[in-house]
1. With respect to A:Ala27, determine if the residue is in contact with a Lys or Arg (Cβ under 7 Å, 6 or more places away or on another chain) and within 12 Å of D:Ala27 (Cα to Cα).
2. So which of A:Ala38, A:Ala54 ends up being over 12 Å from the mean Cα position of the chain (by Cα) and more than 30 Å from D:Gly11 (Cα to Cα)?
3. Given the structure, is E:Thr31 out of contact with any strand residue (DSSP E or B) (no Cβ under 8 Å at 6 or more places or on another chain), facing another protein chain (nearest Cβ under 7 Å), without any contact (Cβ under 8 Å) to a residue 12 or more places away in the chain and β-branched (Val, Ile, Thr)?
4. Just one of F:Val41, F:Val29 is buried (at least 16 other Cβ atoms within 10 Å of the Cβ), assigned to a strand (DSSP E or B) and modelled with pLDDT of 95 or more; which is it?
5. Take the stretch D:10-50 and flag every residue that is touching a Phe, Trp or Tyr at 6+ places or on another chain (Cβ under 7 Å) and under 15 Å from A:Met1 (Cα atoms).
6. I'd like to verify a number: residues in the stretch C:44-57 that are open to solvent by 20 Å² or more (accessible area, probe 1.4 Å) and part of a helix (DSSP H, G or I), how many?
7. In this structure, does E:Ala23 turn out to be in contact (Cβ under 8 Å) with a residue 40 or more places away in the chain and either crowded, with 21+ Cβ neighbours inside 10 Å or more than 14 Å from chain D (Cβ to nearest Cβ) (or both)?
8. Give the stretch B:3-18 a look and list any residue that's more than 10 Å from the chain's Cα centre (by Cα), open to solvent by less than 60 Å² (accessible area, probe 1.4 Å) and not aromatic (Phe, Trp, Tyr), or say none.
There are 6 protein chains.
Amino acid sequence: MPFIAVHLYEGRTIEQKREIVAAITEAVVRTAKTSPEATEVVIHDIPRHNWAKAGKLASDS
Amino acid sequence: MPFIAVHLYEGRTIEQKREIVAAITEAVVRTAKTSPEATEVVIHDIPRHNWAKAGKLASDS
Amino acid sequence: MPFIAVHLYEGRTIEQKREIVAAITEAVVRTAKTSPEATEVVIHDIPRHNWAKAGKLASDS
Amino acid sequence: MPFIAVHLYEGRTIEQKREIVAAITEAVVRTAKTSPEATEVVIHDIPRHNWAKAGKLASDS
Amino acid sequence: MPFIAVHLYEGRTIEQKREIVAAITEAVVRTAKTSPEATEVVIHDIPRHNWAKAGKLASDS
Amino acid sequence: MPFIAVHLYEGRTIEQKREIVAAITEAVVRTAKTSPEATEVVIHDIPRHNWAKAGKLASDS
């Protein structure tokens, strides 16, 4: 606890993911008063053809 | 809001996904009285060897 | 299969939920070529103070 | 996009949630190069009797 | 790692949840070769009026 | 019902997944008093560069 699932468009580099998870973890530890060791973040890479807004795939926008 | 996560067997074409997200969005907008722009749909493509019913992988059925 | 998780603001009536799940199921069965019996929909009722956009809780907007 | 689901023990105040979603959104916008308006955060309040580690409910620890 | 989210009809007692999370954890540790300490289980209690099969709420069946 | 989502590091073989879903299903059917046919398990294979603990990607640890 806590467990944070992040849904993002795929395509981020490992270096970007390194920054994203570090920043989210720092934000959660600071504001939710948890320990870093107890904080897990999972990234779901979602292709643009699997994400829709207003009924349209992001790959079509 | 709303956010809809759809878990499906992988293998649908982009054209099928286009129809699936359009139909789900139309259904949710009409019945939940939301706006299309606020409605997001994400598809999780699940391989048959990652989905089980009755303790058996779908790829084994 | 399929499994659809719908995240909505809490407050819908049972009658509205009845319409939402019926409409989503019809949409998925028609476009994803699944059977109604295999199609499950779960609604997550999310309080407005648990949903944020642009860093602000919906209950503050 | 992005959509962030945060699973936390229930019991946080609205003021704490306000800080948590603001901090997570700032972290994601800065590192994943998204816009605040496109960034949604949902909090799942999980009772301690619904969360287990090492096979034991947190309410029993 | 691993993180297991269990969606169940609400209504289980704490004692039943104690058995469910212990049994799932034992199953995962044994078959996925993980450590108990790294294995987390979260239960989502879903009301029957929030779960549908074949387009019908479980509370209507 | 029930629906169980398992988040694991990717890399398990089909044979391991066969054992994991069988063991989880047996555990849930026995303790939650459900039927095998109603019990579905989905595995999310998560790359180590998409999973962080204490703000560090598992692929960096």
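The values are calculated or read from the model by the stated rules, or taken from the named source; none is laboratory data. Treat the numbers as computed from the prediction; the structure is a model and nothing was measured. Quick reminder, even Gly has a Cβ in these numbers, built from the backbone with ideal geometry, and neighbours come from all protein chains shown. Surface accessibility is based on the protein's heavy atoms, side chains included, excluding ligands, DNA and RNA. Shrake-Rupley method; radii C 1.70, N 1.55, O 1.52, S 1.80 Å.
1. Values: in contact with a Lys or Arg (Cβ under 7 Å, 6 or more places away or on another chain): no; within 12 Å of D:Ala27 (Cα to Cα): yes.
Against the criterion (in contact with a Lys or Arg (Cβ under 7 Å, 6 or more places away or on another chain) and within 12 Å of D:Ala27 (Cα to Cα)), A:Ala27 does not qualify.
2. Working: A:Ala38 fails: more than 30 Å from D:Gly11 (Cα to Cα).
Every option except A:Ala54 fails the conditions.
3. Working: out of contact with any strand residue (DSSP E or B) (no Cβ under 8 Å at 6 or more places or on another chain): yes; facing another protein chain (nearest Cβ under 7 Å): yes; without any contact (Cβ under 8 Å) to a residue 12 or more places away in the chain: yes; β-branched (Val, Ile, Thr): yes.
Judged against the criteria, E:Thr31 is a match.
4. Details: F:Val29 fails: assigned to a strand (DSSP E or B).
Within the list F:Val41, F:Val29, the selection yields F:Val41.
5. Residues of the stretch D:10-50 touching a Phe, Trp or Tyr at 6+ places or on another chain (Cβ under 7 Å): D:40, D:42, D:46, D:48.
Hits for the stretch D:10-50 are D:Ile46, D:Arg48.
6. 2
7. Numbers: in contact (Cβ under 8 Å) with a residue 40 or more places away in the chain: no; either crowded, with 21+ Cβ neighbours inside 10 Å or more than 14 Å from chain D (Cβ to nearest Cβ) (or both): yes.
No, not satisfied.
8. Let us first name the residues in the stretch B:3-18 that are more than 10 Å from the chain's Cα centre (by Cα), namely B:3, B:10-16, B:18.
If we keep only those that are open to solvent by less than 60 Å² (accessible area, probe 1.4 Å) as well, we get B:3, B:12, B:16.
Once the filter is applied, which keeps residues that are more than 10 Å from the chain's Cα centre (by Cα), open to solvent by less than 60 Å² (accessible area, probe 1.4 Å) and not aromatic (Phe, Trp, Tyr), the stretch B:3-18 yields B:Arg12, B:Gln16.
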